[in-house]
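Here the structure comes first, spelled out in structure tokens, and everything after it is commentary.
The values are calculated or read from the model by the stated rules, or taken from the named source; none is laboratory data. Note that the structure is predicted; figures quoted are calculated from it, not measured. Here the Cβ positions follow ideal geometry from the backbone for every residue, glycine too, while neighbour counts run over all protein chains shown. All accessible areas refer to the heavy atoms of the entire protein, side chains included, with ligands and DNA or RNA removed. Shrake-Rupley method; radii C 1.70, N 1.55, O 1.52, S 1.80 Å.
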Amino acid sequence: MSKGAWSLREPGTALAMPGEARMVVMTTDPLAQAEVDGMLGGRPGLRQLPITRADDAHLLLLLARRPGRSVTEALSVRSAQHLPVLAVLDEPGDASPSSAAELAGLGVVACLWRAEVDAQVLSDEIRSVAAQGRMLVPARRRIGQDMDRYRERFLHEAVGPARSRREADVIRLMMDGRSVREIARDLGCSERTVGHTLDAVVRRTGARNRIQALTLLWRGEAL
């Protein structure tokens, strides 16, 4: 499977056993798929089904880097639209109420972050969604709050307590997609000050430019 093409995983079609949590898996990333296969392989009570047997599944397990148009399009046209969706994401993307509402509207009832997932966490959440399905309403699962918590935790780790408040605010707003002009307006300082702050981040991280510096911070490869 080529990376970037959505695929509904079609494993063997062995008959499901009573009491199983049955799922179909949708992903663009073979590595993420292999990682999840390794976590779930051999765990009792869990079974992956082909999309042709989606009517027998309890949920759709979505593996994606972040919310966005490709995820929206994939979930909008999926064959198993009646299934509740458990999303495993690398990052929250635009952690806004509209983003969370869009996920909820597409049937996502819970989100997990890939960096925090292990075999036990994932299997427990799969069983929970399988047991309760759409009763796990998005408001109860607090998708928006989960996104905000993830982003705040990441920013705390990336920026660190020794960084200035201004630098932390500039990094946070830059990662939210704000322009230098918008950041200056929001923080009540000059565009030159914002530029100097970003240049200091570039020098400190050893990056070639601002985008690479933010990427290194996002990945936890620089402090």
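What the table shows:
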{"item": "Accessible-area composition of the range 21-87, carbon plus sulfur, in percent [1.4 Å probe]", "result": "49"}
{"item": "Summed residue charge, Cβ within 9 Å of G45's Cβ, Lys/Arg positive, Asp/Glu negative", "result": "+2"}
{"item": "Pair D199, E182: separation of 7 Å Cα→Cβ label points (nm)", "result": "2.4"}
